[in-house]
Structure formats: structure tokens, C-alpha cells
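The values are calculated or read from the model by the stated rules, or taken from the named source; none is laboratory data. As the structure is a computational prediction, the values presented were derived from the model and not from experiment. In this analysis, Cβ positions are derived from the backbone assuming ideal geometry, glycine residues included, and neighbour counts consider all displayed protein chains. With ligands, DNA and RNA removed, areas are computed over all heavy atoms of the protein, side chains included. Shrake-Rupley method; radii C 1.70, N 1.55, O 1.52, S 1.80 Å.
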Amino acid sequence: MEKLKGRNLLSIKDLNSDELKKLLELATELKSGKKNLKCNKVLGLLFSKASTRTRVSFTVAMYQLGGQVIDLNPNVTQVSRGELLRDTARVLGRYLDILAIRTFEQKDLEDFANYAKIPIINALTDREHPCQILADLLTVKEYFGNLDGVTLSYFGDGNNVANSLLLGCAMVGINVRIATPENYMPNKEIVEEANTIAIANGKSEVIVTQNPQVAVKDTQVLYTDVWASMGQEQETNNRIPIFKPYQVNEKLLESAADDAIVLHCLPAHRDEEITDAVIEGDRSRVWEQAENRMHAQKALLVSLLGSD
Ligand code: CP
Ligand code: NVA
């Protein structure tokens, strides 16, 4: 993946459709052990929000590539004492080979990338979660054998995961349906972009609806995420009654395709956005999905850095 060397992944659409599909192929090869690449470089993790999967999967992926990782908790750096982001970026860019950032504003991530001059990866912002979508697509591809023409439906909050799913699915020819309450729709600009991508590739259909029944009919992948994302926790109690009709439960699953699978980016709030029976049930592929974070990000790291 020579073409990706030196680039950023701030949004899933920083890749074109072809690059995204190739990255998934590389992830499959690395996962199967058919390919064994090495990359003795240093990855920094600058996370302003909590993380289990992203932090650990990036760390293990980099170790397996023969590289090293520095976990830069903002509380132990001068970031917490107000050092300007652009100053931090210019300095870290001189030490590290690549940096994954988890923060709030997409704009901060973009500013950081402008100053750091090393590849910057979006490890989650309020707007997007592209690394998650790499793993999600890999999981769908493994189960159905292809991506083209598969239908994926997302239920709940039109958040960062929904935004990146819209773009990523449209890019690979997946029909994508997003069902959210009226005031919790995905980013309008992203919906338009996903529509434009879908029209251009002439393969996938994008549906944004408030009706979960419209989204679930014969769908092959049911996907959900928390109803209140990090930074919105104080809204949880107000949101529960609003989001209840969008819960992924056994009743909803009955209207999906017979071979439908269930995904969740995790962490999950059982019996809020997903029932315990569904996440523990035989349609759930959430643990494979979580494992795939590591394989997909290994392919991403080696593509952005180049192999030894
Ligand atoms: N799905 C995901 O990004 O998990 P973490 O918040 O644990 O990294
Ligand atoms: N939408 C969630 C995803 C967590 C991985 C959040 O931003 O908190």
C-alpha cells in the first residue's frame, strides 16, 4: 500500500474506495498469517477520552509489527496544563513516527495534523470513528464473503460511529440505513457526502429514517452504539425514553434477514441500546468485531508507515 505512506486518516473518506478495499484485503492477509510485515517505528497515543479497545489494539498491533508505543495520557503531559495544541504537535512530530489521537473536536485533530507533519490517525472524535469502521467492514466481509450489495442498518444515536459507517458503507457498495430519533440524526453534511458517493458508485443505497421498522426489514447487519457518547453522559436519563424504540432486541431481529448478524462497537450498555439476550445470542459477532480492530489497524499502521 505504497500510496498510503505518509498520509493521515482523519476521516474514513481520506481513503478512496479502492484504497479502503485494499486495506481490508491486507488486514485479512495479516490476520491469516499469509503475510507477515515488520515496521520498527514509534506510535504515540494521545487520548483525551477513555478507551479500552482502541488503545490496546493499536498497542498490540504495533508490538506485533516490531514497533513501539508511547501512551501519552494528556494528564501526564503539558497538554493538561494548557500547552497549545499546535506547540505540542510540532514537538511530538519531531519524536514520533505516527500518532493516533482521540479527542472531541474534529477541528483540533485537523489542526494537529497540519502542525505535526507526521501521519495522524483519528482514534475517535465527536464527528467520526474511522478505525472502528475498518474493523466493522472486515467483520462483514468475513461473514458474508463480500461487501457489495450487503445491507447494514444502524439503530440509535446519529453519532461519530453512524457518521463513519455512512461514509464507509457507501464507499464499499454496502446499502446503509440509519434509524435515529428526529433530533439525533447523523451529520447532515456527511449524509449528503454518503449519498454522493453512493450515486457515483451506482451500487449502494443510503436511507436515513426515523422509523426502525423501515431500517430493519430484511437487513443483514444490525448495528448499534450507546445512546449517549463520551462527553454526553449527563444526558443519558433524558435520552432513554427517546431512544427506546431503537433498541436492538429479539423482536427487532425477527424482521431482519434470516442470516442477519449483530454488531456493536462496544462498550455496550446492556438493556439500553442492545438487550443482553441479543449481544449474548447466536447472531452476535461483536467479539470478532472487537478482535478485528487489531488486524485492521495493523494494516493501517503498516500502510501509513511503510514496512521495513
Ligand atoms: N470501540 C471503541 O473504540 O472502544 P474503546 O472506546 O474501548 O476504544
Ligand atoms: N459513540 C461512542 C463510541 C465509543 C467507542 C462514543 O463516542 O463514546
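With contacts defined as alpha carbon pairs under 8 Å and 6 or more residues apart, what's the relative contact order of the chain in percent? If you can, show how the numbers build up before the last one.
Working: 629 pairs, mean separation 68.6, N = 308.
Answer for the chain is 22 percent.
Show me 163-169, 209-215, 262-268 ranked by packing, highest mean number of other Cβ atoms within 10 Å first. Write out the running numbers ahead of the final one.
On the way: 163-169: 29.0, 209-215: 16.3, 262-268: 21.0.
Ranked by mean Cβ neighbours within 10 Å, highest first: 163-169, 262-268, 209-215.
Among 172-178, 24-30, what's the highest-first ranking by average C-beta atoms within 10 angstrom per residue? Walk me through the intermediate numbers first.
On the way: 172-178: 24.3, 24-30: 19.9.
Top to bottom by mean Cβ count within 10 Å: 172-178, 24-30.
At a 1.4 Å probe radius, which order do L85, L65 fall into by accessible area, largest first? Present the calculation step by step, with values, prior to reporting the outcome.
Values: L85 65, L65 0 Å².
Ranked from most to least accessible, the order is L85, L65.
Accessible area per residue for segment 171-250 in Å², computed with a 1.4 Å probe and the full protein assembly in place, what is it? Spell out each step's value before the answer.
Working: 3900 Å² over 80 residues.
Roughly 49 Å² per residue, with all protein chains present.
What nm value, rounded to one decimal, do you get for the distance between E110 and V60 when each label is placed 7 Å out toward the C-beta?
Once both label points are built, they end up 3.5 nm from each other.
Looking at segment 1-158, I'd like the Rg to Rh ratio, where Rg is from alpha-carbon atoms and Rh is Kirkwood's inverse mean 1/r. Provide the component values of the computation, followed by the final result.
On the way: Rg = 16.3 Å, Rh = 16.8 Å.
That ratio is 0.97, to two decimals.
Where does each of D282, D218, D14 land when they are ordered by accessible area, with a 1.4 Å probe and the largest first? Don't skip to the answer; put the middle values down first.
Numbers: D282 120, D218 90, D14 55 Å².
Order by accessible area, largest first: D282, D218, D14.
With only alpha-carbon atoms in the gyration tensor, what are the semi-axes of the equivalent ellipsoid for segment 107-251, in Å, largest first? Before the final figure, lay out the partial values.
Details: eigenvalues 112, 92, 37 Å².
Here the semi-axes work out to 24, 22, 14 Å.
How far is helix 160-172 tilted off the main Cα axis of the chain, in degrees rounded to 10, range 0 to 90?
90
Amide H of R177: which non-local residues (sequence gap of 5 or more, or other chain) have their own amide H closer than 5 Å, using H built in the peptide plane?
Long-range HN contacts for R177: L152, S153, Y154, I207.
When only the heavy atoms of the protein chains count and the probe is 1.4 Å, how do W227, W287 rank by accessible area, highest first? Intermediate values should be presented prior to the final figure.
Working: W227 5, W287 135 Å².
Correct descending sequence by accessible area is W287, W227.
Relative to the longest principal axis of the chain, what angle (0 to 90°, nearest 10) does the C-alpha long axis of helix 286-305 take?
40
What accessible area per residue, rounded to a whole number of Å², is obtained for segment 26-170 using a probe radius of 1.4 Å?
Numbers: 5780 Å² over 145 residues.
Result: 40 Å² of accessible area for each residue.
If you line up the long axis of helix 17-32 against the longest principal axis of the chain, both from Cα atoms, how many degrees apart are they, to the nearest 10?
For helix 17-32, the angle is close to 80 degrees.
In Å³ and rounded to a whole number, note down the convex hull volume per residue for the Cα atoms of the chain. It would help to have the intermediate numbers written out before the result.
On the way: hull volume 38.0 nm³, N = 308.
Cα convex hull per residue, to the nearest whole number: 123 Å³.
Which percent of the accessible heavy-atom area of the chain goes to carbon and sulfur, probe 1.4 angstrom? Present the calculation step by step, with values, prior to reporting the outcome.
Working: 6280 of 13210 Å².
Whole-percent figure for carbon plus sulfur exposure: 48.
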